[in-house]
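Please read the structure below before turning to the comments.
The values are calculated or read from the model by the stated rules, or taken from the named source; none is laboratory data. A quick note: this is a predicted structure, and the numbers were derived from the prediction, not measured. Note that each Cβ is placed from the backbone with ideal geometry, even for glycine, and that neighbours are counted across all protein chains shown.
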Amino acid sequence: MFPIHSWKELLWKVILGLLIAGFAYLAGCIVTKVIRRNGYQAHTKLNLILSVLAAVAIYLRYGATLVTVQGLFLLFVLLYASWSDISTMLVGDYIWVLILALSLVGLRTETAQSMLLGALVVFLPQWLLSVIPPHKTLGGADIKISTSLAFLLGFPRGIVAYLLGLLLAIIGMSIYNKAKQRSQRKSFALVPFLGIGAMLVFLI
């Protein structure tokens, strides 16, 4: 939370917060239209609520900084990727490339080692599971996105985000499958859970 020293500064930060909320609302509308234009399903009200709440939370955490801009773009990239995964169980490679591009905002000499270590720790176990019989692994998009998110967040935050995403997936899908009387082994979209985990850790 950024410090406030006077009522004028408070007023300015409130106005800036409202502008960011308005931007998030408009961006959420645009992203939702793009999602639907590409043939994916999307819940408009949910998208807009998540967009505004997440944007305000990012602003309250980081203030008027470049990290806030990074977080806003990450939010909408993950929102698009989540609906793509929910609709088709596929996510284009450009998503993880965009996440890597966003990670350049925080790439400095002193952070590069942490970012590389975070990506490596998330990637290696998944890669080993894919090459060692019986070859149990996540989908290719899930591995690329989780690795790129770990690179952006660095060590150990990237690992925490990945594990949190998996935990949310296990709990959420167990409840959903029981309610819908579906098999627990049936495949599901993991990217939304990875995205939620990443955004929660981003706010820490």
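One table, with the values for the structure above:
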| read-out | value |
| --- | --- |
| Criterion (touching a residue at least 24 places away in the same chain (Cβ under 8 Å), under 22 Å from Ala54 (Cα atoms) and in contact with a helix residue (DSSP H, G or I) (Cβ under 6 Å, 6 or more places away or on another chain)) met by exactly one of Ile95, Ile86 | Ile95 |
| Residue in segment 160-194 that is modelled with the lowest pLDDT, counting only those that are out of contact with any Asp or Glu (no Cβ under 9 Å at 6 or more places or on another chain) and of a type in the set (Gly, Ala, Ser) | Ser183 |
| Residue within segment 132-149 that is touching a helix residue (DSSP H, G or I) at 6+ places or on another chain (Cβ under 7 Å), in a helix (DSSP H, G or I), within 18 Å of Phe202 (Cα to Cα) and hydrophobic (A, V, I, L, M, F, W, C) present | yes |
| Failed item in (1) hydrophobic (A, V, I, L, M, F, W, C); (2) out of contact with any Ser or Thr (no Cβ under 7 Å at 6 or more places or on another chain); (3) not in a helix (DSSP H, G or I), with Ala179 passing the rest | (3) |
| From the options Ser174, Ser187, Ser183, residue that is farther than 21 Å from Leu53 by Cβ, touching a helix residue (DSSP H, G or I) at 6+ places or on another chain (Cβ under 8 Å) and among the small types (Gly, Ala, Ser) | Ser183 |
| Single unsatisfied condition, Gly71 versus (1) more than 27 Å from Glu9 (Cα to Cα); (2) out of contact with any Cys (no Cβ under 9 Å at 6 or more places or on another chain); (3) modelled with pLDDT of 95 or more | (1) |
